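J.: This structure is in structure tokens; I'll ask about it shortly.
The values are calculated or read from the model by the stated rules, or taken from the named source; none is laboratory data. Given the structure is predicted, the values throughout are model-derived calculations rather than measurements. As a convention, Cβ positions derive from the backbone with ideal geometry for all residues, glycine included, and neighbour counts pool all protein chains shown.
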Amino acid sequence: MEEQAKEKTKTNKIEYKNMNKKKLIIVSGVLAIIVIYAIYLIIKLIQNPTDIFVVKQGTIVEEETAVGYIIREEQVVKGNNYKNGMVQIRAEGEKVAKNDPIFRYYSEGEEDLNKKIQELDQKINEVLSKVNVPSGDISALEKRIDEKLDSLQNENNLQNIQDSKKSINNDILKKAQIAGELSPSGSYLKKLIDERKEYENKLNSESEYLNAPESGVVSYKVDGYEEVLTPDDFSTLTEDFLNDLNIKTGEVVASSTESGKIINNFTCYIAAVLDSEIAKQAELGDEVKLRLPSGDEVEGSVEYISDEKNKRIIVFKLNEGVEQLISYRKISFDIIWWKTTGKKIPNSAIGYEEKNGNQVAYITRILAGYTDKIWVKILRENDKYSIVDNYTRSELEELGYSDEEISNRTVLTLYDEIMAHPE
């Protein structure tokens with residue numbers, strides 16, 4: 001009996017162990033299923049972060065970055081004495097009228113003449129400092145000279161500075177003439193003044209002044225492409241032609257010491273070689289926005305199109321921002337083909353159904369636990385988002401929907417909750 005009891009106890013222990021093993025296997029299996037399901041949910045959450053999307057007002061843009069060649073109406077101004085070096089009368093980017101002087105060339109022996117004039121100015125000032133002649137005219141001139149000297153301290157415009165200096169010199173000479181007429185040292189002062197005028201006349205007579213052939217903006221950024229890249233005939237523009245110019249993108253054109261030019265500051269053009277799908281759909285007259293290197297967005301339009309292999313040469317016309325491009329011949333810029341604002345939703349939230357041969361877009365709205373199908377028309381779309389709006393009754397009728405379907409329809413409004421994946 002005792003042996004049978006021991007054998008039974010041993011058997012019970014074995015059965016208990018086997019039962020525990022089975023329970024452990026079952027629990028492990030359940031845990032494995034839970035872990036696998038959790039991993040599945042995490043992966044699904046990563047792939048589709050949310051199944052609900054709130055409709056909000058938004059903007060979508062279709063744009064691309066391109067390299068463009070600047071084409072302008074510009075006239076190079078160059079004189080005979082270009083080897084002498086030049087003095088800018090008008091500053092870079094300054095607007096001028098037709099026939100205004102813009103720069104001049106140094107005359108022969110100008111440095112020596114200027115030195116002599118400076119020496120005479122010193123002598124004249126020395127004489128004037130010793131002359132004490134009471135005169136209302138002299139007092140008025142001295143006051144005006146002081147005012148002009150004070151104004152020069154805050155002046156940055158080159159032309160204004162030069163004009164003020166010239167005016168001050170004239171006032172000093174007038175003061176010297178008056179003092180010479182009223183003082184005992186008048187004959188000596190008059191001699192100095194006459195000698196100075198003689199040098200100044202010689203300096204002016206031998207200087208070559210260059211005037212603006214047309215009104216526009218002055219520039220000294222002359223690169224030699226003024227007669228090559230012109231708006232006269234865009235048909236000469238090809239990809240090979242533009243590449244052969246070997247112009248570096250974003251390079252600032254160096255200032256010339258021999259010539260200047262007048263630029264039409266109202267209009268310029270940017271030519272680009274493009275191969276995007278949106279560029280291939282562009283048409284003459286299309287309005288676009290161009291983002292310049294400065295970051296400014298300016299209005300533009302498609303002025304010229306030429307198809308070449310799988311690419312297009314497109315010339316854009318600008319009527320603003322022209323002066324920002326004076327220093328460049330080739331730039332990187334952005335073409336904003338279109339920008340639309342409205343009810344913005346992800347493309348993944350749009351489904352399609354066929355109606356009388358037409359593919360009609362719809363979204364699925366969730367409200368109080370119920371779902372509604374809402375037909376929407378797509379105004380604009382890019383790779384990720386669309387701007388949509390509700391169909392009008394007449395539009396739905398044209399698509400073939402019945403009066404009952406139209407009457408029972410719901411419309412999409414801002415802040416509606418829609419399914420991100422209607423299928």
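J.: Suppose we keep only residues that are modelled with pLDDT of 90 or more and polar (S, T, N, Q) within the range 362-401. Which one would you say is farthest from the chain's Cα centre (by Cα)?
T.: Result: Ser394.
J.: Which members of the range 260-299 meet the condition of being of a type in the set (Asp, Glu) and assigned to a helix (DSSP H, G or I)? Give the derivation first.
T.: Step one: list which residues in the range 260-299 are of a type in the set (Asp, Glu), which gives 275, 277, 283, 286-287, 296-297, 299.
Listed by number, the list holds a single entry, Glu277.
J.: Restricting to the range 385-416, and then to whatever is loosely packed, with under 12 Cβ neighbours inside 10 Å and in contact (Cβ under 8 Å) with a residue 60 or more places away in the chain, can you tell me which residue is farthest from Lys355 (Cα to Cα)?
T.: Among those residues, the one meeting the criterion is Tyr415.
J.: Go through the residues of the range 303-312 one by one and say whether even a single one is at pLDDT 95 or above and within 20 Å of the chain's Cα centre (by Cα).
T.: yes
J.: Another question, then. Only one of these conditions is not met by Lys17: (1) in a strand (DSSP E or B); (2) at pLDDT below 75. Which number is it?
T.: Every condition holds for Lys17 apart from (1).
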